[in-house]
Amino acid sequence: MAKKGEGLFLVYTDLIDPKHEEEFNAWYNTEHLPELLTLPGFLDAARYVATRGGPKYLAVYELTSIEAVQSQLFNERKRTPWENRMSPRVTGKNLTRIVGRQIFPSTLENPDRGMAPALQIGRMSVPESADAEWNEWYNSEYIPGYLKVPGVIYARRYRAVDSERSFATVYELVNDKVSESGDWLHQREHSSPRSGRMRARMTMAPGSPGVYRRIFPQ
């Protein structure tokens, strides 16, 4: 059964008060995430904690398509008493959601792989005037080199459909130290003659790029 589709749903959270952390994690792991995985179009999911950047917690949901989070079943599902108690503790500026449609690679590849042990995710925007050249550079020159870095499992790019940031890049990693390696840093510095100019066009979200280690399922 495919565990990857063309859609991705990212939910970032920081708790208003750390004293609720233990209960928040218990609720998310035992009730909330399993419940969403019963909905049509939700293929797989995992939770992560930031080891660099932020926000602190990240839930990643693999979707058949973005329509999974636009459905009536998703948007009108009944909240449980536990969810009603936990939700106010992560509302407002402490909650960030991104729904993205895959734009790189152009087709689904190896869709049966599971959730990665670690992720690096960049959330960024570029001016509309730079969109075409920037995406061409990213897809053809910048990201392919990272796929050759030891410890990189896969890389995907998404165009966000309901976020203050236009794009998200998701690197799947064997651990949360891969993006600190010499090979990774060499790729960053020698990826393309255009990289400096193209990076200058980007504006990154606060805490981005963030590196995340999987905490559920372990």
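Read-outs throughout are calculated quantities, based only on the coordinates presented, and are distinct from any laboratory measurement. Just so it is clear, the structure is predicted and the values come from calculations on it, not from any experiment. Cβ: placed from backbone, ideal geometry, glycine included. Neighbour counts: every protein chain shown.
Structure data summary
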read-out: Likely footprinting exposure, Trp82, Trp134, Trp27, fewest C-beta neighbours within 10 Å first; value: Trp82, Trp27, Trp134
read-out: Charge sum, other residues only, whose C-beta stays under 12 Å from Thr51's C-beta, Lys/Arg counted +1 and Asp/Glu -1; value: +3
read-out: Proxy reagent accessibility, fewest Cβ within 10 Å first, across Met204, Met198, Met1; value: Met1, Met204, Met198
read-out: Relative contact order (percent, whole number), region 7-216, Cα cutoff 8 Å, 6+ residue spacing; value: 29 percent
read-out: Footprinting exposure proxy for Tyr171, Tyr154, Tyr212 (fewest neighbouring C-beta atoms within 10 Å first); value: Tyr154, Tyr171, Tyr212
read-out: 222 nm mean residue ellipticity, helices alone, for the chain (DSSP H n ≥ 4; -39,500 (n - 2.57); rounded to 500); value: -4500 deg cm²/dmol
read-out: Cα gyration tensor category, rounded, prolate or oblate, for region 170-218 with a/c compared to 1.5; value: oblate
read-out: Lysine pairs with alpha-carbon atoms under 26 Å apart, the chain, spacing 8 or more or separate chains; value: 13
read-out: Efficiency of FRET from Cβ geometry, Trp82 and Asn110, R₀ 30 Å, rounded to 0.05; value: 0.25
